[in-house]
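> Below is a structure I'd like to ask you about.
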C-alpha cells in the first residue's frame, strides 16, 4: 500500500456520532510501545514496605540506574495487585533525569519479558523501513494467551499498512476471529479481524461478510463500514465493487460519513502495490471508473476523489473535477487545495481509459 494517513486501522476505526457506542472500549491512538519508547529512562519498581506511595527501583530497563525512593501516586487496584501477585512490578518512565517519574503500566511476571523486549527492540524498530520489524514482532503475539500482550499486539498490527496486514490473516484461527467479533464491547476494535476475515476463501466466511455488508448498506451504518466493504470486495472480486458502487454511489441519500468510509475502503484497495499482478491494476482502474458516478451524484466528494487520483498519479475525470471546482469557490480550503493540486498535475499523468475519463 502507498500511504493512508498513519495507518489503515486508524482510518477505519472512525465512527459516526449516530452509531457511536456509549459502552465500547475506545481505540487508543497511542500504544504501550509508543508510550515506552518516547522516554529516555524506564525502570521496574515496587512500592516500599510500610511506605505507601513510595517506590524503589528493582530493575533498570533504559537509561542510567535510578535511585530511590520515588514518591508517586498509585491507584488502589494497582497497589492490591502489587501486594497479592508474586514478582509483580510497575513500569515507571521519564524523558530525562530532570523530569518526574510517571507510571506506565502494571506488569506481572509474564508481562515483564514483553516490556523488556519492547525497550530492547526500540532502536532497531526505528531503523526498520516501514516499521516492518515492529509489525512482525507484534504479529507473532496475536495468539498470545496473556490478555495484555494480546491487546497490545492487536493495537500495533491494527494500525499497520494493509499490505502488511493481509499476509498475517492465515496465522489467526477462525474461531479467534469470530469470538472477537462477537464481543460488542470492543466493537471499535473489530476492523483488524474483519480485514483478516476478508482474506478467507471459506464459503461460510464469504457469506457472513456479504450479510454484514448488505446490512450496513440497508441500515446506513458506518461503524467499521470501510473494513466490511474492503473484506466484501476482497471476497467477491467478480461483483463486489459493482455492488458497492450501486449501494452507495447510485443512491442519492447517502450521508457524507458513509461515503467517507466507502472511499477509505476503495483508497486502500486501489493503493495496493501491484507486485506485477495485473488484477491489481485492473481493480484500481475499476475504482477510478466508479468515481465518475460518485462525482455525478455527490460533487462534494471531489476533494477525496482528487486525493486518490493524485496519489495514484492517473489522469481521469478532469472535466468533471474542473467544473466542480468552478462551482465551489466557497468550499473548505483543504478541498480546494486537493482539487487545485490534482488539476495542476493531471496533464502529466497517464490517462485511465481511452479518453482519460473526462
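Rule-based calculations on the coordinates, nothing more; no lab input. From a predicted model like this one, the values you see are computed outputs, not experimental measurements. All Cβ positions, glycine included, derive from the backbone under ideal geometry; neighbour counts span all protein chains shown.
> Could you tell me how many degrees, from 0 to 90 and to the nearest 10, lie between the Cα long axis of helix 225-235 and the main elongation axis, the longest principal axis, of the Cα atoms of the chain?
Relative to the chain, helix 225-235 is tipped by roughly 70 degrees.
> Also, quick follow-up: If one takes the longest principal axis of the Cα atoms in the chain, at what angle in degrees, from 0 to 90 and to the nearest 10, does the Cα axis of helix 333-345 lie?
60 degrees
> Return the tail of the calculated pair distribution for segment 62-166, meaning the percent of Cα-Cα pairs more than 16 Å apart.
When every Cα pair of segment 62-166 is considered, 66 percent fall beyond 16 Å.
> If each DSSP helix of 4+ residues adds -39,500 (n - 2.57) and the sum is divided by the residues in the chain, what number results at 222 nm, nearest 500 deg cm²/dmol?
-14500 deg cm²/dmol
> Taking a temperature of 20 °C and a viscosity of 1.002 mPa s, what whole-number D in µm²/s does Stokes-Einstein yield for segment 165-306 with Rh from Kirkwood over alpha carbon pairs?
Value of D from the Cα-based Kirkwood radius: 138 µm²/s.
> So what does the Cα-only Debye profile of segment 32-116 read at q = 0.19, 0.21 Å⁻¹, as log10 I(q)/I(0), no solvent term?
Values returned for q = 0.19, 0.21 Å⁻¹ are -0.79, -0.97.
> Using Cβ counts within 10 Å as a stand-in for footprinting exposure, how do 268, 54, 352 rank, fewest first?
54, 352, 268
> Describe numerically, in nm with one decimal, the distance between label points set 7 Å from Cα along Cα→Cβ at residue 163 and at residue 35.
In this crude spin-label approximation the distance works out to 3.2 nm.
> Between helix 112-127 and the chain, what is the angle of the helix's C-alpha long axis to the longest principal axis, kept within 0 to 90° and rounded to the nearest 10?
That helix lies at roughly 50 degrees to the long axis.
> How many nm is it between the label spots at residue 78 and residue 171, if each spot is 7 Å from the Cα in line with the beta carbon?
According to this spin-label approximation, the distance is 3.1 nm.
> From the convex hull of the Cα coordinates of segment 210-286, what is the mean projected area in square nanometres?
4.8 nm²
> Next question. Relative contact order (percent) for the chain, with alpha-carbon contacts under 8 angstrom and 6 or more residues of separation?
15 percent
> Now a separate question. Taking the Cα centre of each part, how many Å lie between segment 233-254 and segment 53-119?
Answer, in whole Å: 51.
> May I pose another question? Please arrange 249, 73 by how many other C-beta atoms lie within 10 Å of their C-beta, fewest to most.
Lowest count first: 73, 249.
> Also, quick follow-up: Once Cα extents along the principal axes in Å is worked out from the coordinates, which option in [x] 81, 42, 33; [y] 78, 46, 41; [z] 69, 58, 36 does it equal?
Entry [y].
> If contacts are Cα pairs under 8 angstrom and at least 6 residues apart, what is the relative contact order of segment 61-192 in percent?
Taking the mean separation of contacting Cα pairs over the length of segment 61-192, I get 14 percent.
> When a footprinting reagent is the concern and you count Cβ atoms within 10 Å, what order do 146, 317 take, fewest first?
Least to most surrounded, the residues fall as 146, 317.
> Right, next: Taking springs between alpha-carbon atoms closer than 10 angstrom, which of 56, 107, 213 fluctuates most in the Gaussian network model of the chain?
Among 56, 107, 213, the largest mean-square fluctuation in the Gaussian network model of the chain belongs to 56.
> When the expected Rg is taken as 2.2 N^0.38 Å, what fraction or multiple of it is the alpha-carbon Rg of segment 136-245?
Relative to the rule-of-thumb radius for its length, segment 136-245 sits at 1.05.
> Relative contact order (percent) for segment 32-116, with alpha-carbon contacts under 8 angstrom and 6 or more residues of separation?
Reported as a whole number, the value is 29 percent.
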